[in-house]
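The values are calculated or read from the model by the stated rules, or taken from the named source; none is laboratory data. Because the structure is predicted, anything quoted here is derived from the model rather than measured. Ideal geometry is used to build each Cβ from the backbone, glycine not excepted, and the neighbour counts take in all protein chains shown. What goes into the accessible areas is simple: the full protein's heavy atoms, side chains included, and nothing from ligands, DNA or RNA. Shrake-Rupley method; radii C 1.70, N 1.55, O 1.52, S 1.80 Å.
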Amino acid sequence: MQALRGVDLTVPTGEILGLLGPSGSGKSTLLNIIGGLDRPTSGTLRYRGFDLTAFSERELTRFRRTNVGFIFQFYNLIPSLTAEENVRLVTDIAQNPLSAIEALELVGLADRRDHYPAQLSGGEQQRVAVARAVAKQPGVLLCDEPTGALD
């Protein structure tokens, strides 16, 4: 079965795009391919003139680090790290990031920066994930059900 057969998509710079569809329709697969987490079995993927399908694993890692912010459906927070440390995972390797505290302030969680994920509500955990993605100031922000746990 091919999840994305016949998909042809162009997203202009500055555009906000929402993907709607039933569970299993390929939304997460498309986001993972756009973000360089998965590779398409055929076709091409271009980002600002670069053919990502020709990139090596190392080049894809660099692309993700430099250009892509991810907000995952299930947060992907490290349980043994505080909210601030979870955000710093990204800010420590990004080229021109916000500080972890600035990012947490943007989502209203600066006062919870020393809390571990288990000490945060689902909505707070999701906001830490948003802060982590936004902190690196990426060229593209990919969000897989980013507001599912928010109040």
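Just round it to a whole percent: the fraction of Cα-Cα distances in the range 85-135 exceeding 12 Å. Here the long-distance tail beyond 12 Å is 55 percent of all Cα pairs in the range 85-135. Principal axis extents of the C-alpha atoms in the chain (largest first, rounded to whole Å): 46, 34, 28. Spin-label model, Ser121/Leu37: points 7 Å from Cα along the beta carbon direction are separated by 2.6 nm.
Put simply, the amide H of Tyr47, placed in the peptide plane, has neighbours under 5 Å in Leu52, leaving out anything fewer than 5 places away on its chain. Pairs of Cα atoms nearer than 8 Å and 6+ residues apart set the relative contact order; for the chain it is 25 percent. Based on protein heavy atoms only, the chain ends up with 62 Å² per residue of surface accessible to a 1.4 Å probe. When the helices of the chain are scored as -39500 (n - 2.57) per DSSP H run of n ≥ 4 and the total is divided over every residue, the value at 222 nm lands at -9500 deg cm²/dmol.
One Cα centroid belongs to the range 48-67, the other to the range 71-111; the line between them spans 23 Å.
At a 1.4 Å probe radius, carbon and sulfur cover how many percent of the accessible area of the chain? Carbon and sulfur atoms account for 51 percent of the accessible area of the chain.
Here the Karplus curve 6.51 cos²θ - 1.76 cosθ + 1.60, taken at θ = phi - 60°, turns the phi angles of the range 80-85 into couplings of 8, 10, 5, 4, 4, 5 Hz, with x standing for Gly and Pro.
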